[in-house]
Amino acid sequence: MELPSISQLLFVLFGAMALGCAVAMVAQRNPLYSAISLVGVFVSLACLYLTLQAPFIAAVQVIVYAGAIMVLVVFVIMLLNVEEEVRRPVRLHYLIPVGVLLAAILVGEAAFMLSLGSGGAARVTPMAPAASDIGLTASIGTGMFTKYLLPFEVTSVLILMALVGAISLARQGRTPLLAAPGNVSEEPAALTAGGELALKPGDTAATGRAFARQQLERGEAAAPSRAASEEDEG
Amino acid sequence: MIPLTWYLALSAVLFTIGVVGVIIKRNAIAMFMCIELMLNAVNLTFVAFSSYFGDVTGQLFVFIVMTVAAAEAAVGLGIIIAIFRNRESLDVDDASVLRL
């Protein structure tokens, strides 16, 4: 019997790790455990990229996926304090057999493609990952900034749009009105006994401007004394 | 020597697990993570073909897919936070109508 080569052993090891983590991710009911399992999938896929001689993609996989995206996901899970999913009565019972049927069709299609692949895809195997420089950063950079410059630039625009969209989606409350004179309807903030401004939750910048205008109308009761004290210190 | 078919089979199985997760999960964040898993399965196919054909294009495409996934994560999580703020729940069954 032929012994498996080291690359086959590595493939089986990391492939099994990826599959196990993926199944665990779907089976978990706690989203935080799902997220940790997904990190396991990402790391084992990065190892598979290394066996495919794509070190740049492997590094980016760990940095961007396991590092940035999953930190964002875990941050949101903890921010929203998501506990385990509650079991609910299943609605639409007839959908379960339909779902099983569709999953079977999907698996069957994949198996059909792969059995075709034993004739089709296997023919490209001789080109196999020989020692080459196609996975190195230099060749990827060359490709990205010459032949594929337009997709790269479009991607940067996409990132800008995502930035603006994420900020405008996640921001709390309405857009504050610009405080033109006569455009401020908020109640002016009250002065405490000590003379400082008492800010309440819900006060906006407009409230502060209304307060400042009220101070001006009152003949700058507080401001001159503060200015005087600053002069004394200076 | 690993046949290319092994990588394709692994990728197909991972993709199917992602699809099943999207179907059976009801937590919005868990569905989101299953979508990430599907993107990664496709990335594995791209890198395998790129490596076996000796062509760098597949890896460039993986890079762009990762960028899109990062943008998707930012916007998607923003939407999830907005939904949670309005409905106090992440269950997609609670968000089945646009009206509150």
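When only the Cβ of Lys, Arg, Asp and Glu is charged (+1, +1, -1, -1), the dipole of chain B relative to its Cα centre reaches about 140 debye. In terms of its C-alpha gyration tensor, region A:1-108 has an oblate overall shape, because the principal axis ratio a/c (a ≥ b ≥ c, square roots of the eigenvalues) is not below 1.5 and a/b does not outweigh b/c.
For region A:1-85, relative contact order (Cα pairs under 8 Å, six or more residues apart, normalised by length) works out to 30 percent. Counts of other chain beta carbons within 10 angstrom of each beta carbon in peptide A:34-47 average 3. Of the Cα atoms belonging to chain B, the radius of gyration and Dmax stand at 16.9, 57 Å. Simple spin-label estimate for A:S156 and A:L10 gives 3.5 nm between the two label positions (7 Å along the Cα-to-Cβ direction from each Cα). Sparse packing (at most 14 other Cβ atoms within 10 Å of the Cβ) combined with a DSSP loop state is found for the following GluC sites (Glu not before Pro) in chain B: B:E88.
Across chain B, Cα pairs under 8 Å and at least six residues apart give a relative contact order of 27 percent.
Based on the Cβ-Cβ distance of A:F112 and A:D133, what FRET efficiency does E = 1/(1 + (r/R0)^6) give at R0 = 56 Å, to the nearest 0.05? After rounding to 0.05, the efficiency reads 0.95. Shown in residue order for region B:80-90 are the 3J(HN,Hα) couplings computed by the Karplus curve 6.51 cos²θ - 1.76 cosθ + 1.60 at θ = phi - 60°: 4, 5, 5, 4, 5, 5, 7, 10, 6, 7, 9 Hz (x for Gly and Pro). Would you please give the FRET efficiency between B:V42 and A:A68, computed as 1/(1 + (r/R0)^6) with r the Cβ-Cβ distance and R0 = 22 Å, to the nearest 0.05? So the FRET efficiency works out to roughly 0.70.
Bear in mind that the values in this text are calculations on the coordinates, not laboratory data. Just so it is clear, the structure is predicted and the values come from calculations on it, not from any experiment. So basically every Cβ, Gly included, is an ideal-geometry build from the backbone, and we count neighbours across all protein chains shown.
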